[in-house]
Amino acid sequence: MSVDPRRLAHAIRFLAMDACERVGEGHPGTPLGAADIATALFTRHLKFNPADPLWFDRDRFVLSAGHGSMLLYALLHLTGYASMPIEAIRSFRELGSACEGHPEYCPAHGIEATTGPLGQGVANAAGMAVAEAFLAAQLGPGIVDHRSYAILGDGCLQEGVAQEVTSLAGHLRLGKLCWLWDDNHMTDDGAIGIAQSEDLPARFRAAHWQVLEVDGHDIDAVDAALSLARRDPRPSLIACRTVIGRGLPGVEGTRAAHSGKLTRALTDAARRALDWPHPAFEIPAEIAAAWREAGRRSLPDYDAWRGRVAALPVEKRRLLDRLREGRLPAGWADGLRAYAGRAAAEGLTQHGWKTCGELVDLAAAAIPEMLAGAPDLEAATQHKRRLHAFTAKDRAGRYLHYGVREHAMGSMLNGIAAHGGVVPSGVTYLVFSDYERPAFRMAAMMGLPVLFAFTHDSIGIGRNGPTHQPVEYLASLRAIPNLLVFRPADAVEAAECWELAIGHRGGPSCLIFARQPQMAVRREAGENRSARGAYVIAEAEGGPRAATILATGTEVALALQARALLAAEGLSVAVVSMPCWELFEQQPRDYRAAVLGEAPRIGVEAAVRLGWDRWIGAEGPFIGMSGFGASGAEEDLWRHFGITAEAVAAAVRARVAGPA
Amino acid sequence: MASLAPSPDAPNPALDAQAAILARPATEERRMADAIRALAIDAVEKAKSGHPGMPMGMADVATVLFTRFLKFDASDPRWPDRDRFVLSAGHGSMLLYALLHLTGHAGMGIEELQRFRQLHSPAAGHPEYGEHPGIETTTGPLGQGLANAVGMALAERILAARFGKSLVDHRTWVIAGDGCMQEGISHEAASLAGHLQLEKLCVLYDDNSVTIDGGTDLSFTDDTLKRFQAYGWAVRRVDGHDAAAVEAALAWAMRSRRPVLLACRTIIGFSAPTKAGTAGSHGSPLGPNEAAAAKSALGWNYPPFEVPDGIRARWEEAGRRGAGTRRAWLKRLAKHPMQAEFERAVAGRLPEAWHEPLAELRQKHAVDRPKLATRVASQKALEALVPAVPEMIGGSADLTGSNNTNVKGVPSIARGNFAGRYVHYGVREHGMAAAMNGMALHGGIIPYSGTFLVFADYMRPAIRLAALMRQRVIHVLTHDSIGLGEDGPTHQPVETLASLRAIPNLVVFRPGDAMETAECWELAVKRADGPTVLALSRQNLAAFRSDAGENRCARGGYVVEEASGPRRATLIATGSEVGTALAARAALEAEGIPVAVVSLPSWELFAAQDASYQAQVLGEALRVGIEAAIPFGWERWLGPEGLFVGMHGFGASAPAEDLFRHFGITAEAVANAVKKRLG
């Protein structure tokens, strides 16, 4: 390459500076500080093709320090992504711009993950490395052989999720994972020493990583480290010592460089200091050409790969196409439907976790790209069954032991899904979903089809007590936009909900099960009734509805018992099962009205009331929890908290007797 | 529940090690530890549920700690200068209950142990703060206890700096397991503890190589000692079944100038003839045969729940070990010039005139009607509060400049200097919130700290525990909506308010101007029995209040502007949208439509008002909710016919004004919606 590589890095710097200056906002510190690192990666190592951003065997690059978004936008622009013209850069942080404040997932435009909340991106990258290893085992290294890179800052490394991932990635020997640490000794509050004094390389070595320490402004040194990373079987951390805001005279190396306002005077001074006489948003032709050339660097690999794909046996070719398009195999739901049929015929009553485990087992048998796992709760959730472990030695394994690392699991599942070609699922106790919650939000925002399963969903867990008894979780999950929350009543609904969740390719799902037995409430299967979100499971008999009881999960059985009690007294009551509020909201108004009915409504759910007023009205009686749970035998807890068929029946009676 | 019984064919190397340990002569200390084991076995068997493995494995270590090192007096478990003991591996709760019982704590008699895991027993499944005064914190969700302990150790340093070593000089001890070490929160907490050199913190790591799934080699092969060394901790490995070695290690820990991690090699389920050293002993009863065999392997030939008098006497002696030290401390306190202040702070009572500067600020706001972002108004409130309430300790997770949590002239806390009152927690939201819980639990401190509202998700497990434990912890969560603008959807909360309102016993405030912010701060500081969130704006908000008498936010919701005639609609808003509602009201009134505006800064407080007040505020007319967040939960206030103006999905990246327009959260949109509905 004839152009001085430092000039290539300067092109990133000035695009970032000009964009930040123009909008009067943004974070110039990272793009300026990490420009040399990114130049080494993108011009000498990263395997990618801007003309085909979705090339399945491309390297994945995640900007975990998402606030430095202009670094990524500049790289995409310079290397020739059609979706990132200079106009996009000019409209940085404006409504409708492709250059949003933080990178928003759009692989077709070269953005592999939404980042911003710190630590998420590095975890996503680790998930991508898992997906790569898993698919390479299925499709062979001729088809899948790529690396996952992340650029991250101190903030990412301070977050707990990053340590969870560090520990797990080292354990799994994800050798194709490489983190480039923008080690600039500066945080938002000031010099790193204000809050941190650890020996970070030592910590990574303790987790079995290769650690390389280089001058992050020496492109050749970064290049050499990247080469070493490729040759080592361990994941690599390249600690790149940098100066934040490099190139801004008087500001570089200071706290102000992180997200301080850039003035024209400052960018002018930078132009002089770096000998960059070009106008704003203009890149000299030879530098632009060199960057375009870098964008074409992987074309021989690309063509060779296409050749190998073309030569694949037809079956394998079909499999590859199916996986990269994210299509499920033909007949994938047959097993689940058969299960629903059997469960309905038998009146299957069994522990919720067991049903969930059986369904995952069936789904995994039908979907070879399904990768299950749990954070150290295999015994309690029984989701491994016929699957064997994905390990450092066995990449064909389809069950990942995440260890007690819920947050890492959630964020890695997102990375696995973002990579594509794999159907990821993970299970833990519902109460620990709070540990992974930041990942749900990201999955919802990115529209990733991740399957988050949970067991032990209420005080029904009994003696482990309030720390382990969710009460506010259903509400807090339902609050997340673009997330489907399923709480099936029995094994039939469970199979229906799993089918809906797996089939939902535009966003994540939560599937929630009890620890205790879930009584059979559905004795017919066929039509997937859960698909409408809520339905009348038992219509009022012997007269018009005197009341409608709405319930979810294990409380549907309770509602049916209450209905029977009331029927004996001559009161005609309907019961509605509501396994998925979000799907119900999408139904036509008439359907919703018919299901909810005109009669007084009573809600039953072993959880807090928040959100229920939508269905039962502010005056409607609600049988559920009004605070945290307690430690005791399950039967005692139901009685103690007044969540019994008798209590439901009493509430109906009182409501029907007079206005609330 | 399913358990992983050891496969009969699999070799179990722990059994050989166990046999060697059991072959050693049984010292008195071993017998004392066996009392813990036997009680744990019996209680779990009787309850038919529980986790016997950890208490059986760590009994020897705990015995050395409680009989020789831990400073406590069983006759006064709330003695302020006691050492704090945190069982971070909370599933091993029987270890703690057995220790409290054996050392003679009132309220943890043998009947309580016999009722382990029964409703209303203080011996709950996991240790619950408040169930017994000897329980320092609620544990169970892994990693939380360890992070609480970091907060307790920090609180000790802060109070020692304030009141002197003669009143405050104690240690914080933690028992943590592999699960705690794997959780990310342990990283955040340990990194912070190392940074601050909290030398009186000692973590006894139950290094038993077994997790629920099986051997730790399934998922956890880090070198934990090296990792903690990298954090700046002193580390050592010790045989957890060798009392003399443990004693020597603890003595070494007492001399350390850095926080200490002692990795105690133990056998989980020690003494169980087949399940020892396996996941099978972790979380389910041993079963009658295995339980009997375990006890006989120990030579423990007593009926269930029986402890021979000699051993009991030795334990009770240990429970009285600190009595003299406590009496001497009481004497020092009685003569101490700061006695009253110390007692006040530790009891959680606020200073006499604490609210006066805040009252002055409110007067000033009433006159000046400043247009401020509520995060800046919060800083003004803090400028009034922090000097007046010396136990308030602030901080931020690396967003000090954005959260406005600092007060000019208040020094930061740093290694070796704990006289400061501000903690730079680093980008460690979860560790921060859990450490704040520990500080509040320790007593003598009211912790408040900040981050962006959207990162509440990162802290959520700790917020939940603060609510469960009813601790006064105050979270300043700024940048509370799309009003933060360009940073985009990752930083724009839309569901976060709803998700926080779902947590029982958490009070969520979203004040709408500087006056309301001051009022909400007053309520937060006064709230002694639970945590508070203040959701604050990034953007400037016009003042709408010019009355400073009554704290109107105390009722959670109130009429800001009554309608000029019979109400045709009531606009109900929180935070930045109160201004939007008022502008909409002006437009509607100009068209002759009488409309009232209600500010609803706290749903929880409003829900606690009597029905007639609620009815009077909400009115009979059309109700319109306005909040730059999703409508989840709003039906409660709006009724079935109500309108809602807010968000229906995630945000976007653009200047704030563009976003409010784009998402239709404007006075104009509100006025139009009202007109359309009214026809």
Exercise for review: Could you please give the count of residues in the range B:575-621 that are hydrophobic (A, V, I, L, M, F, W, C) and part of a loop (DSSP other than H, G, I, E, B)?
Suggested key: 4
Review point. Got at least one residue in the range B:558-581 being among the basic types (Lys, Arg), open to solvent by 40 Å² or more (accessible area, probe 1.4 Å) and within 30 Å of B:Pro655 (Cα to Cα)?
Key: no
Study note, to complete from the structure: Only unsatisfied item for A:Gly247, checking (1) open to solvent by less than 10 Å² (accessible area, probe 1.4 Å); (2) in contact with a strand residue (DSSP E or B) (Cβ under 6 Å, 6 or more places away or on another chain), is (2)
Check your understanding: Can you find a residue in the range B:604-622 that is in contact with an Asp or Glu (Cβ under 9 Å, 6 or more places away or on another chain), under 20 Å from B:Leu497 (Cβ atoms) and aliphatic (A, V, I, L, M)?
Key -> no
**Study point:** Answer residue from the range B:441-459, given it is within 14 Å of chain A (Cβ to nearest Cβ), closer than 25 Å to B:Gly348 by Cβ and not β-branched (Val, Ile, Thr) and is farthest from the chain's Cα centre (by Cα) among those
**Key:** B:Gly450
Review point. In the range B:412-440, how many are surrounded by fewer than 24 Cβ atoms within 10 Å (Cβ to Cβ) and either of a type in the set (D, E, K, R) or away from every other protein chain (no Cβ under 14 Å) (or both)?
Key: 4
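Quick check on A:Gly397: is it in a strand (DSSP E or B), open to solvent by less than 30 Å² (accessible area, probe 1.4 Å) and either under 23 Å from B:Gly215 (Cβ atoms) or more than 8 Å from chain B (Cβ to nearest Cβ) (or both)?
Working: in a strand (DSSP E or B): no; open to solvent by less than 30 Å² (accessible area, probe 1.4 Å): yes; either under 23 Å from B:Gly215 (Cβ atoms) or more than 8 Å from chain B (Cβ to nearest Cβ) (or both): yes.
Spelling it out, it is not the case that A:Gly397 is in a strand (DSSP E or B), open to solvent by less than 30 Å² (accessible area, probe 1.4 Å) and either under 23 Å from B:Gly215 (Cβ atoms) or more than 8 Å from chain B (Cβ to nearest Cβ) (or both).
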Check your understanding: For the range B:377-411, which residues satisfy the criterion of being surrounded by 20 or more Cβ atoms within 10 Å (Cβ to Cβ) and acidic (Asp, Glu)?
Key -> B:Glu391, B:Asp398
Check your understanding: What helices (runs of 4 or more DSSP H) lie completely within the range A:106-216 and have 1 or more residues being within 19 Å of A:Pro31 (Cβ to Cβ), acidic (Asp, Glu) and in contact with a helix residue (DSSP H, G or I) (Cβ under 6 Å, 6 or more places away or on another chain)?
Key -> A:154-158
**Study point:** Condition check for B:Ile474: among the β-branched types (Val, Ile, Thr), over 26 Å from A:His185 (Cβ atoms), in contact with a Phe, Trp or Tyr (Cβ under 6 Å, 6 or more places away or on another chain) and open to solvent by less than 10 Å² (accessible area, probe 1.4 Å)
**Key:** yes
Review point. For the range A:534-602, which fully contained strands (runs of 3 or more DSSP E) count at least 1 residues that are touching a Pro at 6+ places or on another chain (Cβ under 8 Å) and surrounded by 19 or more Cβ atoms within 10 Å (Cβ to Cβ)?
Key: A:547-551
**Study point:** Any hit, the range B:600-619, residues being modelled with pLDDT of 95 or more, in contact with a helix residue (DSSP H, G or I) (Cβ under 6 Å, 6 or more places away or on another chain), crowded, with 24+ Cβ neighbours inside 10 Å and of a type in the set (Gly, Ala, Ser)
**Key:** no
Practice item. Kindly establish whether B:Arg344 is in contact (Cβ under 8 Å) with a residue 24 or more places away in the chain, open to solvent by 10 Å² or more (accessible area, probe 1.4 Å) and out of contact with any Cys (no Cβ under 8 Å at 6 or more places or on another chain). Key: no
Point to revise | Residue, nearest to the other protein chains (Cβ to nearest Cβ), within the range A:606-629, restricted to residues that are assigned to a loop (DSSP other than H, G, I, E, B) and in contact with a Leu (Cβ under 7 Å, 6 or more places away or on another chain) | key: A:Phe628
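Going through the range A:368-394 one residue at a time, which ones are assigned to a strand (DSSP E or B) and without any contact (Cβ under 8 Å) to a residue 24 or more places away in the chain? Show your work before the answer.
Residues of the range A:368-394 that are assigned to a strand (DSSP E or B), as a first pass: A:370-374, A:389.
Once the filter is applied, which keeps residues that are assigned to a strand (DSSP E or B) and without any contact (Cβ under 8 Å) to a residue 24 or more places away in the chain, the range A:368-394 yields only A:Ala389.
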Revision key, fill the gap. Reported set for the range B:87-120 where residues are crowded, with 24+ Cβ neighbours inside 10 Å and in contact with a Lys or Arg (Cβ under 8 Å, 6 or more places away or on another chain) is B:Leu102, B:Phe116, B:Arg117
Exercise for review: Output the residues belonging to the range A:448-493 that are within 12 Å of chain B (Cβ to nearest Cβ) and basic (Lys, Arg).
Suggested key: A:Arg463, A:Arg478
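Select, from B:Ala155, B:Ala190, the only residue that is in contact with a Phe, Trp or Tyr (Cβ under 7 Å, 6 or more places away or on another chain), closer than 21 Å to B:Val473 by Cβ and among the aliphatic types (A, V, I, L, M). So that I can check it myself, show each step before the final result.
On the way: B:Ala155 fails: in contact with a Phe, Trp or Tyr (Cβ under 7 Å, 6 or more places away or on another chain).
Going through B:Ala155, B:Ala190 in turn, just one is in contact with a Phe, Trp or Tyr (Cβ under 7 Å, 6 or more places away or on another chain), closer than 21 Å to B:Val473 by Cβ and among the aliphatic types (A, V, I, L, M): B:Ala190.
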Exercise for review: Hey, could you check the range A:100-116 for residues that are at the interface with chain B (Cβ under 9 Å from one of its Cβ atoms) and open to solvent by 10 Å² or more (accessible area, probe 1.4 Å) and say which is nearest to A:Met442 (Cα to Cα)?
Suggested key: A:Glu104
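Can you find a residue in the range B:148-163 that is of a type outside the set (Ser, Thr, Tyr), more than 24 Å from B:Tyr205 (Cα to Cα) and in contact with a strand residue (DSSP E or B) (Cβ under 7 Å, 6 or more places away or on another chain)?
yes
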Point to revise | Selection count, the range B:263-276, where residues are farther than 28 Å from B:Gly299 by Cβ and either without any contact (Cβ under 8 Å) to a residue 24 or more places away in the chain or buried (at least 24 other Cβ atoms within 10 Å of the Cβ) (or both) | key: 0
Point to revise | Selection from the range B:191-243 of residues that are in contact (Cβ under 8 Å) with a residue 60 or more places away in the chain, within 14 Å of chain A (Cβ to nearest Cβ), within 26 Å of the chain's Cα centre (by Cα) and outside any loop (DSSP other than H, G, I, E, B) | key: B:Ser191, B:Leu192, B:Ala193, B:Gly194, B:His195, B:Leu196, B:Asp206, B:Thr211
Revision key, fill the gap. Those residues of the range A:53-83 which are within 23 Å of A:Gly415 (Cβ to Cβ), in contact with a helix residue (DSSP H, G or I) (Cβ under 7 Å, 6 or more places away or on another chain) and not in a helix (DSSP H, G or I) amount to A:Pro53, A:Leu54, A:Trp55, A:Phe56, A:Asp57, A:Arg60, A:Val62, A:Leu63, A:Ser64, A:Ala65, A:Tyr81, A:Ser83
Point to revise | Of all residues in the range B:130-140 being open to solvent by less than 10 Å² (accessible area, probe 1.4 Å) and under 13 Å from B:Ala466 (Cα atoms), the one that is farthest from the other protein chains (Cβ to nearest Cβ) | key: B:Thr137
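Residues are listed down the side, and each one gets a yes or a no for (1) open to solvent by less than 40 Å² (accessible area, probe 1.4 Å); (2) modelled with pLDDT of 90 or more; (3) within 17 Å of B:Ser296 (Cα to Cα); (4) among the hydrophobic types (A, V, I, L, M, F, W, C):
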residue	(1), (2), (3), (4)
B:Ala2	yes, no, no, yes
B:Ala5	no, no, no, yes
B:Asn12	yes, no, no, no
B:Ala20	no, yes, yes, yes
B:Arg24	no, yes, yes, no
B:Met32	yes, yes, yes, yes
B:Pro52	yes, yes, yes, no
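The values are calculated or read from the model by the stated rules, or taken from the named source; none is laboratory data. Here the structure is a predicted model, which is why all the values come from computation and not from measurement. Reconstructed Cβ throughout: ideal geometry from the backbone, glycine too, with neighbour counts over all protein chains shown. Note: accessible area is taken over every heavy atom of the protein model, side chains too, but ligands, DNA and RNA are not part of it. Shrake-Rupley method; radii C 1.70, N 1.55, O 1.52, S 1.80 Å.
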